[in-house]
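A short write-up of the structure that comes next.
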Amino acid sequence: MHKNKLKIAQLHWGFPPIIGGVETHLSTLLPLFVKWGHRVSLLTGSCEGVKTRYIYKGVQIFRSPLMDLNWLFKRGLEGLQEDIEKAIREFLKEIKPNIIHVHNMHYFSKFHSQRLVELATKKKIPVILTAHNVWDDILFLEMNNEVNWSHIVAVSHFIKKELTSIGYDDKKITVIHHGIDTKIFRPNVNTKKVLDKFPQLKERDVIFHPARMGLAKGCDVGVKALRLIKKHFPDVILVMAGTRNIIDWGLTQQRDIAYLIELIKSLGLEKNVLIEMFSLDEIPQIYALAKICIYPSSSSEPFGLTMLESLSSGKPIIVTNTGGMPEIIQDGINGFVIKIRDYEALASRAIRLLEDDGLRERLGSTGRQIVLTQYRKERMAKDLLGLYKRVLEE
């Protein structure tokens, strides 16, 4: 390859049709690297009904059950070490990368990360980690001490602070916020296909909660707020997404969904909630239909890519003051920031936005402008390539 073009190996536990923030991030970033002339290959988890090898928008995709967290969690790692090492070694041998970039491999399996770094070190290939999340347990601390990454990308200043708090060298951590495709997520998207498929959304006050369903994402808070919002807007409908095709390695999501469905029934909100699994193509249409978005996360959200999707679509979003979300959402400027689990505050901000067309449009327009100037996918990709080249020079 040309000396300025790279052979980039990427590794992550999931990739579409598995959905989630990291998966969306990779489906945006990797084809852009290819467009700019780099060779990109991804080793990821297997997915039912999907080939083990294929090309996605120029990216070579390699799938293996040995990278499938849902399967590994049920099966356990016992007796798989040789197979895992072989899969990683053969992947590296085939693509001969200049640089390796992994995502969220600072948790789940110490063995995957240690063997990858050892194999890469022998070949003098740097390994960059993007930390999309942090955890509070012994495994996370062990992996911090025992895996030596060449450099770490933190997706927010919040994540960097959390990593340095447990001993990571802050000089080896660079904050690079996510970027987004502003041509896909934009105002005035045609919504005919989604309305034909979900006619119950026609002429309704749509509130979109763009997260996989779970209590950590504040789905219960959104439902409790909906009961209050309905008193002012009887036709309101809350759209919740992400009910399957996720990395649910702890097998907690089905319990959460069962509780949420029971909560919706007990509050008499069945006609005011749509729970559905949307494709990547349908998501921009749901944003276009929504008047506002909410993300009342109850956990320390590391960044929240959906914030950028909402703002890029020209829709204000209400978030909680946790994790990296307040780095993007400015209260009263491009959305609202509330306290964790404060369903009354969520309801009052939502009612205010639904009542005031001018305020809603102003916050949405400001959000779109902020994304265009600061959070485009091209900026993110250039920042990462700059880091790759800096690490390679070092």
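The values are calculated or read from the model by the stated rules, or taken from the named source; none is laboratory data. Note that this is a predicted model, so its numbers are computed, not measured. FYI the Cβ positions are ideal-geometry reconstructions off the backbone, even for glycines, and counts take in every protein chain you see.
Which of the following residues is over 23 Å from A216 (Cα atoms) and over 17 Å from the mean Cα position of the chain (by Cα): E344, E355? After applying the criteria, what remains is E355. Of the residues making up segment 74-84, those that are loosely packed, with under 14 Cβ neighbours inside 10 Å and either part of a loop (DSSP other than H, G, I, E, B) or hydroxyl-bearing (S, T, Y) (or both) number 3. Filtering W71, W13 for residues that are in contact with a strand residue (DSSP E or B) (Cβ under 9 Å, 6 or more places away or on another chain), at negative phi, of a type in the set (F, W, Y) and surrounded by fewer than 17 Cβ atoms within 10 Å (Cβ to Cβ) leaves a single hit, W71. Taken together, V371, V337 contain a single residue that is buried (at least 24 other Cβ atoms within 10 Å of the Cβ), aliphatic (A, V, I, L, M) and at pLDDT 95 or above, which is V371. The residue that is farthest from I18 (Cα to Cα), among those in segment 167-214 that are assigned by TED's automatic domain parsing to the domain that holds A347, assigned to a strand (DSSP E or B) and over 19 Å from the mean Cα position of the chain (by Cα), is D205. Taken over segment 259-302, the criterion of being β-branched (V, I, T), over 22 Å from the mean Cα position of the chain (by Cα) and part of a helix (DSSP H, G or I) is satisfied by I261, I264.
Does G386 satisfy the condition of being under 28 Å from L32 (Cβ atoms) and crowded, with 18+ Cβ neighbours inside 10 Å? Break it down into steps so the answer makes sense when it comes.
Details: under 28 Å from L32 (Cβ atoms): yes; crowded, with 18+ Cβ neighbours inside 10 Å: no.
Judged against the criteria, G386 is not a match.
Screening segment 340-354 for residues that are at negative phi and in a loop (DSSP other than H, G, I, E, B) and picking the one that is surrounded by the most Cβ atoms within 10 Å (Cβ to Cβ) gives D342.
The C-beta contact set for segment 270-286 (first residue over 14 Å from L201 (Cβ atoms), second residue modelled with pLDDT of 95 or more and not β-branched (V, I, T), distance under 7 angstrom, 6+ apart or interchain) comprises P284/F185; P284/S313.
Select from segment 51-83 the residues that are of a type in the set (K, R) and touching a Ser or Thr at 6+ places or on another chain (Cβ under 9 Å) and write down the one among them that is nearest to Q114 (Cα to Cα). I'd like the intermediate steps shown before the answer.
Going through segment 51-83, the residues of a type in the set (K, R) turn out to be 51, 53, 57, 63, 74-75.
Filter again for touching a Ser or Thr at 6+ places or on another chain (Cβ under 9 Å), leaving 57, 63.
Numbers: K57: 30, R63: 20 Å.
That would be R63.
With the structure loaded, tell me whether L42 is in contact with a helix residue (DSSP H, G or I) (Cβ under 7 Å, 6 or more places away or on another chain), in a strand (DSSP E or B) and either surrounded by 19 or more Cβ atoms within 10 Å (Cβ to Cβ) or at pLDDT below 95 (or both) or whether it fails that test. When the stated conditions are applied, L42 passes them. Look at E393 and say whether it is modelled with pLDDT of 95 or more and within 19 Å of D220 (Cβ to Cβ). No; evaluated as a whole, the condition is false for this residue.
Can K86 be described as free of Cβ contacts under 8 Å to residues at least 40 places away in the same chain and over 19 Å from V117 (Cα atoms)? Spell out how you get there, then give the answer.
Details: free of Cβ contacts under 8 Å to residues at least 40 places away in the same chain: yes; over 19 Å from V117 (Cα atoms): no.
Taking the combined requirement at face value, the residue does not satisfy it.
Residues that are touching a residue at least 24 places away in the same chain (Cβ under 8 Å), of a type in the set (S, T, N, Q) and part of a strand (DSSP E or B) occur in segment 57-73; there is at least one.
Mind counting the residues in segment 1-39 that are in a loop (DSSP other than H, G, I, E, B) and either more than 23 Å from V127 (Cβ to Cβ) or at pLDDT below 95 (or both)?
Step one: list which residues in segment 1-39 are in a loop (DSSP other than H, G, I, E, B), which gives 1-6, 12-20, 36-38.
Next, only the ones that are either more than 23 Å from V127 (Cβ to Cβ) or at pLDDT below 95 (or both) stay: 1-4, 16-20.
Number of matching residues: 9.
Being out of contact with any Lys or Arg (no Cβ under 6 Å at 6 or more places or on another chain) and free of Cβ contacts under 8 Å to residues at least 12 places away in the same chain is the requirement here; does Q330 meet it? So Q330 passes the test.
Scan segment 52-84 for residues that are basic (K, R) and modelled with pLDDT of 95 or more and report the count. Don't jump to the end; show me each part of the working.
Our first condition is that a residue be basic (K, R); within segment 52-84, this holds for 53, 57, 63, 74-75.
Next cut, modelled with pLDDT of 95 or more only: 53, 57, 63.
Total meeting the criteria: 3.
For first residues located in segment 368-389 and at negative phi, partners that are surrounded by 17 or more Cβ atoms within 10 Å (Cβ to Cβ) and modelled with pLDDT under 95 and lie 6+ apart or on another chain with Cβ distances below 6 Å do not occur.
Does any residue of segment 103-119 turn out to be within 25 Å of the chain's Cα centre (by Cα), of a type outside the set (K, R) and at positive phi?
First, the residues of segment 103-119 that are within 25 Å of the chain's Cα centre (by Cα): 103-114, 116-117.
So of that shortlist, the ones also of a type outside the set (K, R) come out as 103-109, 111-114, 116-117.
Checking which are at positive phi leaves us with 104, 108.
Yes: one or more hits.
Residues that are of a type in the set (G, A, S) and not in a helix (DSSP H, G or I) within segment 303-335 comprise G304, S313, G314, G323, G324, G332, G335, listed in sequence order. Among the residues of segment 215-257, those identified as at pLDDT 90 or above, crowded, with 18+ Cβ neighbours inside 10 Å and either outside any helix (DSSP H, G or I) or not assigned by TED's automatic domain parsing to the domain that holds E270 (or both) are G218, F233, V236, I237, L238, V239, M240.
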